[in-house]
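Encoded as structure tokens, the structure appears first; notes follow it.
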Amino acid sequence: IMKQELFKKRIIKIPIFENEVFLMIGGNPKDFFESFKKWTNDTDIEGEDELKMVSVWDDGWTIYGRITGLIGAWFKNKDINIIAHESVHIAGYILKAAGIKNIDIDNDEMLAYLTGYVAKVIIKSRE
């Protein structure tokens, strides 16, 4: 008997930046991508090319709807390291959607605070 793979889908809202993030914990990258496309109706997704390279062996993947500015993140499981890693990508896309550019090591406080906030919200939503 094959064990059925359990997964959760959630939408988190990002205040101030007025953005939303589609989260999927578990499942597989292809199902996540199809669910994200259905949720956003976006036809130009940054990260779509990576779908061929992302496999069930990967731990996480973050994508961005170029038309809608909406973000999606898939997590293989609830591991804190994966959440932290993908939170950086999510925060970067949130800033990109808001038109904020030129984030670098000398100008990264907004990215740092936003990454922490995103990770905290994801951790709370995984329960």
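The values are calculated or read from the model by the stated rules, or taken from the named source; none is laboratory data. All of these numbers come straight from a predicted model, not from anything done at the bench. Cβ coordinates were reconstructed from backbone atoms using ideal geometry, including for glycine residues, and neighbour counts include every protein chain displayed. The accessibility values were calculated without ligands, DNA or RNA, using every heavy atom of the protein model including side chains. Shrake-Rupley method; radii C 1.70, N 1.55, O 1.52, S 1.80 Å.
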Handout entry: Per residue accessible area in Å² of the range 6-69, where ligands, DNA and RNA are left out and the probe is 1.4 Å
Key = 60 Å²
Practice task
List every residue whose amide H lies under 5 Å from the amide H of residue 60, counting only residues 5 or more places away in sequence or on a different chain, with H placed 1.01 Å from N in the peptide plane.
Solution key: 76
Fill in the blank from the handout: Which of 52/124; 38/124; 9/120; 76/101 exceed 28 Å between C-alpha atoms? The answer is 52/124; 76/101
Practice task
Could you work out how far helix 109-125 tilts from the main Cα principal axis of the chain, as a 0 to 90 degree angle to the nearest 10?
Solution key: 30 degrees
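Between rounded, prolate and oblate, where does the chain land on the alpha carbon gyration tensor, with a ≥ b ≥ c its root eigenvalues, rounded for a/c under 1.5, else prolate if a/b exceeds b/c? Numbers along the way, then the final one.
Numbers: a/c = 1.79, a/b = 1.42, b/c = 1.26.
Judged from the Cα gyration tensor, the chain comes out prolate (a/c at least 1.5, a/b above b/c).
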Practice task
Just the number, please: carbon plus sulfur as a percent of the accessible area of the chain, 1.4 Å probe, no ligands or DNA/RNA counted.
Solution key: 54 percent
Exercise for the section: Report, in debye and to the nearest 20, how large the dipole of the chain comes out about its Cα centre when Lys and Arg carry +1 and Asp and Glu carry -1 on their Cβ. Expected result: 620 debye
